[in-house]
1. Enumerate the residues in the range 17-37 having an amide nitrogen under 16 Å from the point lying 7 Å beyond the Cα of Ala119 toward its Cβ.
2. Would you mind computing, in nm to one decimal, how far apart the modelled labels at Thr52 and Leu92 are, each placed 7 Å from Cα along Cα→Cβ?
3. Take each of the peptides 112-122, 55-65, average the number of other beta-carbon atoms within 10 Å over its residues, and list them starting from the highest.
4. Give the cross-link partners of Lys76 among the aspartates and glutamates, using a straight C-alpha distance below 17 Å as the criterion and excluding same-chain residues fewer than 8 apart.
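Values quoted throughout were computed directly from the atomic coordinates according to the rules given, and no laboratory measurement underlies them. Everything numeric in this text was worked out from a predicted model, so none of it was measured. Reconstructed Cβ throughout: ideal geometry from the backbone, glycine too, with neighbour counts over all protein chains shown.
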Amino acid sequence: MSRFARKPAPAASRDAVRAALAEVRAVYADLDRRPVERACTRLTECCQFKRTGLTPSVTRGEALLAAQALRATGRKQPPPSVNGACPMLDALTGKCLIYADRPFGCRTHFCPAAGGPYARRDVLDLIRRLEAVDAALGEHDGPKPFLAALDAVS
Ligand code: SF4
C-alpha cells in the first residue's frame, strides 16, 4: 500500500452496521415515495454493465445491505457474471437477486424506458444521507463501482 493510500474503513460494530442497514433501507423507502414519475419494468438493460459501459456506484452502507440481501438468498458470493452483466442478475430467471434491496444507482439510473435519470436536485438530500451512513461507518473514500464495493465488504 502506498504511503498516501487511505486505510480501509475500520470494522464497524454490530450496532453500527445494524443502524447503517436500517438507514439505507429508509433512504430507499423515501426515494420510492418521491413524486418522480418512474416506470421500472425490470427490463434489466441497466444491469448489462459491459454492454452499456455503465456500472452503478455504491456506498459502503449500500454494499453491506446488498451483501446481506445476497446472503438471504443462500449465497455467500455473487454468482459469476454472464457476458459482463451484473452478477446479481440471475442467469436462470433473468431477474435481480436482490431487487428489493438494489442500490440507489439502480433506482435512479439513466434507463430511458424507466423515465431517464433522476435530477440530482430531486435526490440530493438522500445522497447526503447515504454519505452520512458511510461517515458513521468510518468510510470516507466515497462510493465505489458496485463490484468493488461488494468486494470491500466481503
Ligand atoms: S443490483 Fe440488480 S438491479 Fe442493480 S444492476 Fe445488479 S441485477 Fe441490476
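1. Residues passing the 16 Å test: 34-37.
2. Distance between label points: 2.5 nm.
3. Ranked by mean Cβ neighbours within 10 Å, highest first: 55-65, 112-122.
4. Glu62, Asp90, Asp101, Asp151
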